[in-house]
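What follows is calculated from the coordinates using simple rules that are stated; it is not laboratory data. Because the structure is a prediction, the values reported are computed rather than measured. Counting neighbours? That spans all protein chains shown, and the Cβs are built from the backbone with ideal geometry, glycine included.
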Amino acid sequence: MSTDTTTQRVFNFSAGPANLPLPVLETIRDELIALPSAGASILEISHRSPEFLAIQADAQQRLKDLLSVPDNYRILFLQGGSRLQFSMIPMNLLGKSQCADYVITGTWGKKALDEAVREGETCVLWDGKKTNYNDLPTMSELSPSTNSAYVHITSNETIQGVQFLESPGWDVPVVCDCSSDFLSRPIDVAQYGLIYACAQKNAGPAGVTVVIIREDLLKRSSESLPGYLSYQNHASNDSLYNTPPTFGIYVVGLVARWLQETVGGLEAMATRNEKKAQQLYDVIDQSGGFYVGHSKPEHRSKMNVTFRLPSEDLQADFLAQAKQHQLCSLKGHRSVGGIRASIYNAMPLEGVQQLRDLMLEFAASSAGHEK
Ligand SMILES: *Cc1c(COP(=O)(O)O)cnc(C)c1O
């Protein structure tokens, strides 16, 4: 019975919500009616039951172990997606006489800034707009404002497909939107004041957002903030201020377990991800200009591979052929166009190899016809 639905699965290159590891989906299916620990569904049990508290503690511990999160950080599970973080970050961390610094490396960084502007003084340290966000600054060429409350960066720009390889090194707290490369590689959490990631790219289903915040920053949350919007409030209630996204937290725990027990940790995951991305970038680089990557080679994302074909017609044809080969959701974001292959942790190497083969075939069969 199970193999029927499994064999119907396509290779899903969606940017988010995105594919989940098959063993995780199988566990969810097997446990959906009755969690072994509870005799009831995860969808039915109280968020204050010992069974759910154990699930949440397990998910936190697994994230802590995977990322080697130091003891002076708290791991929160919130709702409202990364978009709500765009507002909560300045609401909690930006003081009256301070400036919030933003590094704009693509669409998401810009949207984060747009929300911060509503909350207080902001400063743009760098903006890649002039080259349509195909480039990144080096961390050493950026200097935070003298009264900086924090510097906000986006580790991976999901739409443009550029990714920081460097860690930041500033004394002011660094706030990082890791939504689309969270758990894809090791990260030195101690370099950051706050890391956040909506789960639906790489860590679980839509509906839960992970926030990892250094404890000293919790003191900045003003008493006058609405209850839900205060990090201090969520931390002191251990993410149980109101009903947390229980199903999402459960799935994040399963994904973390898969990373630990099946993949073998984030170093191993990063190696897999690099290998997958290289397969596609090699085809782009060896296509004699048929495929043109969006990002400068040195900033290429291992998660979202963005490129164009010589014409819109060829692009449409390519997408149609891909669909016939069960390679789905490859159309680029409407703001950038072209093709975007999102190859998060759960995309198997086999899916990437099939896409690579199609790219090779398509370029060969279109040679000479594109003009
Ligand atoms: C998807 C994404 C977001 C937005 O997340 P929501 O959960 O839809 O609010 C923000 N930042 C990055 C980098 C993303 O990839």
Under the Karplus relation with 6.51, -1.76 and 1.60 and θ = phi - 60°, whole-Hz ³J(HN,Hα) for the range 233-247, x at Gly and Pro, equal 5, 5, 5, 6, 9, 6, 6, 10, 4, 10, 5, x, x, 4, 5
Percent relative contact order of the chain, based on C-alpha pairs within less than 8 angstrom and at least six residues apart?
22
For the range 43-177, state what percent of all Cα-Cα pairs lands in each successive 5 Å bin, counting from 0 Å until the bin that includes the largest distance.
2, 9, 17, 18, 18, 15, 9, 7, 4, 2, 0
Determine the calculated [θ] at 222 nm for the chain from helices alone, applying -39500 (n - 2.57) to every DSSP H run no shorter than 4 residues and normalising by the residue count; nearest 500 deg cm²/dmol.
-11000 deg cm²/dmol
Residue order, fewest to most surrounding Cβ atoms within 10 angstrom, among Arg118, Arg74, Arg220:
Arg118, Arg220, Arg74
Quick one: what are the phi-derived ³J(HN,Hα) couplings along the range 180-191, Karplus 6.51/-1.76/1.60 with θ = phi - 60°, whole Hz, x for glycine and proline?
9, 9, 4, 6, 8, 6, x, 9, 7, 4, 4, 7
Indicate, rounded to the nearest 5 percent, the antiparallel portion of the DSSP beta bridges found entirely in the chain.
55
Short version: ³J(HN,Hα) in whole Hz for each residue of the range 278-293, in order, from phi by Karplus 6.51 cos²θ - 1.76 cosθ + 1.60 (θ = phi - 60°), x for Gly and Pro, what are they?
4, 4, 7, 5, 4, 4, 4, 5, 9, 8, x, x, 5, 9, 10, x
Relative contact order for the range 265-365: what is it in percent, counting Cα pairs under 8 Å that are at least 6 residues apart?
31
Taking the range 187-248, which chymotrypsin sites (Phe, Trp or Tyr not before Pro) meet the DSSP loop condition and have no more than 14 other C-beta atoms within 10 Å?
none
Tensor-based shape of the range 265-365 (alpha-carbon gyration tensor, a/c under 1.5 rounded, otherwise prolate or oblate):
prolate
Give me the base-10 log of I(q)/I(0) for the range 113-255 at each q in 0.12 Å⁻¹, Debye formula, one uniform scatterer per Cα, rounded to two decimals.
-0.56
In the neighborhood of Pro144, defined by Cβ-to-Cβ distances under 14 Å, what is the net charge if each Lys or Arg adds +1 and each Asp or Glu adds -1?
-4
Size of charge dipole - the range 25-263 - debye, nearest 20, with Cβ of Lys, Arg +1 and Asp, Glu -1, no other charges
360
I need the shape label for the range 19-117. Rule: rounded when a/c is under 1.5, else prolate if a/b > b/c, else oblate, with a, b, c from the alpha carbon gyration tensor.
prolate
Relative to the compact-globule scaling 2.2 N^0.38 Å, provide the ratio for the alpha-carbon radius of gyration of the chain.
1.02
